[in-house]
Amino acid sequence: MISVENLKVEFGVKPLFHDASFVINDRDRIALVGKNGAGKSTLLKILCGMQQPTSGHVAIPHDLTIGYLPQVMVIQDDTTVRDEARKAFAGNVEMKERLDKMERQLAERTDYESESYNQLVARFTQEHDRYQMMGAGNYEAELERTLAGLGFLRSDLERPTAEFSGGWRMRIELAKILLQRPDVLLLDEPTNHLDIESIQWLEQFLATAPCAVVLVSHDRAFINNVTERTLEITCGQIVDYKVKYDQYVVLRAERREQQLRAYENQQREIADMKDFIERFRYKPTKAVQVQSRIKQLAKIVPIEVDEVDNSAMHLKFPPCLRSGDFPIICDDVRKDYGDHTVFDHVTLTIRRGEKVAFVGKNGEGKSTLVKCIMGEIPFTGHLKIGHNVQIGYFAQNQAQLLDETKTVYDTIDYVAKGDVRLRINDILGAFMFGGENSEKRVRVLSGGERSRLAIIRLLLQPVNLLILDEPTNHLDMPSKEVLKEAIKAFDGTAIIVSHDREFLDGLVTKVYEFGEGKVREHLGGIYDFLRSRNIQSLHLLGTSSPVAAPQAAAPVEVSVGKQNYEERREMQKKIRKVEKEVKACEAKIETFEQRLKELDAILCTPEGASDMVLVTEYAQTQKALDEEVARWEEVSMQLEEMQNP
């Protein structure tokens, strides 16, 4: 489909990449990876024709259609959501107008035997058949399905786009691109403005779309679920790995090991040559050998080693005062904007040291509750900030609040205290601001670079309660890992608003779900929560799981109604105790079932069938399994009653 040959792009002395050659085939699913500034977005612009390379050739068939979603785009606000999305079908509308015009001509003309009339009939038939094959008559239904998948309600479709935030307007642009059904989709950070449910919908859409996909994303789970091939921009080269991202990581590590060994061997060889030249430079009897070594040295092409974040240090937040046992207590909190209730009856308690996630569709109140906690907006109800709580806050717009006149180094030097100031260059290197990059002015930084800088500032502040609102947007994977490890090692409390499943996995132990004006608490990690939502949605569709097969206990959903604090605290203790019993039963059931399978296999053999010891063990194991299932049913019912009093 698209053939790239000997591509070279340079903006300064050193080219972004050179001698790049690869092919994008029909229905390829490609992840484009590389550190920030490597040239990923530039390559996408070249592929869609928005930018020209310094040299090289990009061959694109003349009838190939390309859909391109940039990270940042100019959006017009002069229409409704539906009308804006309809622009994706501009070609269909023009075709329909042509068909209507021809149909009127056919109705008005009476020269049925003329050649021109027959030509008009043939042209109308051909255009009409093409129109039907494109499914153009059903575009309204497809438009609504796509917008719904990206999180829009039916009532949103007639609202002016000007009423929506920048993130929601980017969703409209994404919907328009998907609705155009291009032959090749080029997506630059498409998940930055999507919630978890919309990301999952987009994954499914891309998995079945009859087109090639090239995407740049820092959402590891997303690119693993969508792509089958990985193109890496590194050391000015583009390396093609015909595998998923996780497998690419392994192959890349192996490749780098080989490069390191080759580099070390080359350096030893160079050192030996230089040593020989220096030792015998002035000996006439060795003049020929010396000149030979000098020529060999000049011909050596230095081996480059793939760029890796070698400075990815384990950062830790500076020590801070210990907070009270309950940094955040909400009791019957409610927030209204005019006639619209964002949420009500929010009652929750976050304990010291807990790492919790706020999840839900955009617009359901996650950032709003954060602003209530921060005291930025008024609300009704009671919200208590615990004793000695010192909050470190990262908002979605935090990167835009940096002083644009300062350099990267000065921005960090301004907030660094004590011994940390001696490590500023190391810290900047960990977030890929090493070398000359530390002298850049903030005003010339990209959105991703500004986000990284804002995160570094936060890492240097002594706090005991972290509130992070979409901290991973625009962060690359190495930077996200540094941040994740820092939060894991943080001995304070953390509230993380995020749609990034990979980032939240193994980090949070409790999930608060925002939706329908309520906030529900789920104990467990992010994937426990996602599994529970799938089960609940199937139940709502009228399906049910077989009763005989014990299912994993659903995460606790604690009602956010009016309960006083002490009662809820006591109930939580009881629920956790019963939960442990449920899990213990499930573990025993799994062990018994596994042993029964093993015994079944042995007893099916002629030798095993006559072994009375095994027969007795089988009967005893079956009895123990039945007893454990009965026990599981009893405690599961008890747990359900406690969850839904």
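Please treat every number below as a calculation from the coordinates, not as lab data. Note that this is a predicted model, so its numbers are computed, not measured. Cβ sites come from the backbone with ideal geometry, for glycine too, and all protein chains shown count toward neighbours.
Loop only by DSSP, 10 or fewer other Cβ within 10 Å of the Cβ. Give me the chymotrypsin sites (Phe, Trp or Tyr not before Pro) in segment 208-274 that pass, ordered by residue number. Filter output for segment 208-274: empty list. Note on residue 598 and residue 531: their simple-model spin labels are 2.3 nm apart, each label 7 Å out from Cα toward Cβ. What FRET efficiency comes out for residue 140 versus residue 103 if R0 is 22 angstrom and r is the Cβ-Cβ distance? Round to the nearest 0.05. Efficiency for this residue pair is about 0.60.
Put simply, the convex hull of the Cα atoms in segment 173-272 casts, on average, a shadow of 7.9 nm². The spread of Cα positions in segment 441-508, taken along each principal axis and listed from longest to shortest, comes to 34, 27, 18 Å.
Once C-alpha pairs closer than 8 Å and six or more residues apart are averaged by separation and normalised to the residue number of the chain, the relative contact order reads 12 percent. Of all DSSP beta bridges confined to the chain, the antiparallel ones make up roughly 50%.
Quick one: length gained pulling residue 423 to residue 263 fully straight, 0.36 nm per residue minus the C-alpha distance? Could the numbers behind the result be given before it?
Values: separation 160, 0.36 × 160 = 57.60 nm, distance 2.90 nm.
Gain in length upon complete extension: 54.7 nm.
Using only Cα atoms, figure out Rg for the chain and give it as a multiple of 2.2 N^0.38 Å. Provide the component values of the computation, followed by the final result.
Values: Rg = 31.2 Å, N = 645, 2.2 N^0.38 = 25.7 Å.
In units of the globular-protein estimate, the chain measures up at 1.21.
Dipole size in debye (nearest 20) for the chain around its Cα centre, Lys and Arg Cβ +1, Asp and Glu Cβ -1? Mind showing how you got there, number by number?
Details: 85 positive and 101 negative charges, 544 e Å.
Charge dipole of the chain: 2620 debye, to the nearest 20.
Multiplying the sequence separation of residue 584 and residue 436 by 0.36 nm and subtracting their Cα-Cα distance, what value in nm do you get? Write down the numbers at each step before the final one.
Values: separation 148, 0.36 × 148 = 53.28 nm, distance 5.63 nm.
Contour length minus the Cα-Cα distance gives 47.7 nm.
On a full-extension model of 0.36 nm per residue, what is the gain between residue 573 and residue 115, subtracting their alpha-carbon distance, rounded to one decimal in nm?
Details: separation 458, 0.36 × 458 = 164.88 nm, distance 8.75 nm.
Length difference between fully extended and current span is 156.1 nm.
Among 199, 52, 81, flag the residue with its Cα farthest along the positive direction of the charge dipole of the chain, charges on Cβ as +1 for Lys/Arg and -1 for Asp/Glu. Value computed over the given set: 52.
Working note: 222 nm ellipticity from helices only, DSSP H runs with n ≥ 4, each -39,500 (n - 2.57), summed and divided by the residues of the chain, gives -14500 deg cm²/dmol to the nearest 500.
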